[in-house]
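In what follows, a single structure is set out as structure tokens and then discussed.
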Amino acid sequence: MLSLVKSLACLLLLVPLASPCAVSKKQLWHCLLEHADTDNNNILSSTEIRTLVRDNTHWYERLIKSPDSVVQQVGHHCGLPLDYSNLLKSACFQHCGGLDGKRTIYNRVCQ
């Protein structure tokens, strides 16, 4: 009986991981371009990303994760400047939720 309970608990924990993210990388990309691409060149520079983060976070959030650290993270996982081909890399915005997830960023910037 205990092993059945453990199996069900594991299954319940894995179900959210198996469900698709409501926001695709393509949706996120269009959102980011609309709100951050100030020179309309379809590429996001470190300055544009830094400004987007600064404009869409509260002051106390920036104390925990600064715009500069977000730019470093994007550079490490995606590459800078950020273009659509870099966004499609598997390490770039690989999570749906969490602070750096596609859905989280989309809901904060584009909703």
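Please treat every number below as a calculation from the coordinates, not as lab data. This one's a predicted model, so the numbers in the text were calculated from it and none came from an experiment. Neighbour counts run over all protein chains shown; Cβ positions are idealised from the backbone, glycine included.
Among 108, 62, rank each residue by its count of other Cβ atoms within 10 Å, from fewest to most, as a rough exposure measure.
On the way: 108 12, 62 15.
Final ranking by Cβ density, sparse to dense: 108, 62.
Quick one: grab the alpha carbon gyration tensor of the range 41-83, order the square roots of its eigenvalues as a ≥ b ≥ c, and give me rounded if a/c is under 1.5, else prolate or oblate depending on whether a/b is larger than b/c. Let's see the in-between values first.
On the way: a/c = 3.46, a/b = 1.64, b/c = 2.10.
Oblate shape, in that a/c is at least 1.5 and b/c is the bigger or equal ratio.
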Checklist outcome for this item: The ratio Rg/Rh over the Cα atoms of the range 21-111, Rh being the Kirkwood inverse mean 1/r radius, stands at 0.92
Checklist entry - Ranking 106, 84 by Cβ neighbours within 10 Å, fewest first, what do you get? => result 84, 106
Next on the checklist: Explain nothing, just compute: Karplus ³J(HN,Hα) = 6.51 cos²θ - 1.76 cosθ + 1.60, θ = phi - 60°, for every residue of the range 49-65 in order, whole Hz, x for Gly and Pro.
Outcome noted: 5, 4, 5, 4, 5, 4, 6, 10, 10, 7, 4, 6, 5, 5, 5, 7, 9
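Could you work out how much longer the chain between residue 88 and residue 27 gets when fully extended? Use 0.36 nm per residue separation minus the Cα distance between them, nm to one decimal.
Details: separation 61, 0.36 × 61 = 21.96 nm, distance 1.19 nm.
Extra length from residue 88 to residue 27 when fully extended: 20.8 nm.
Counting pairs of alpha carbon atoms under 8 Å apart in space and at least six apart in sequence, what relative contact order in percent does the range 21-110 give?
Numbers: 96 pairs, mean separation 30.9, N = 90.
Relative contact order, the range 21-110: 34 percent.
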Next on the checklist: Full-extension gain between residue 43 and residue 104, please, as 0.36 nm times their residue separation minus the C-alpha to C-alpha distance.
Outcome noted: 19.9 nm
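Which ordering of 44, 28, 88 is given by a fewest-first count of other beta-carbon atoms within 10 Å?
Fewest-to-most Cβ neighbours within 10 Å comes out as 88, 28, 44.
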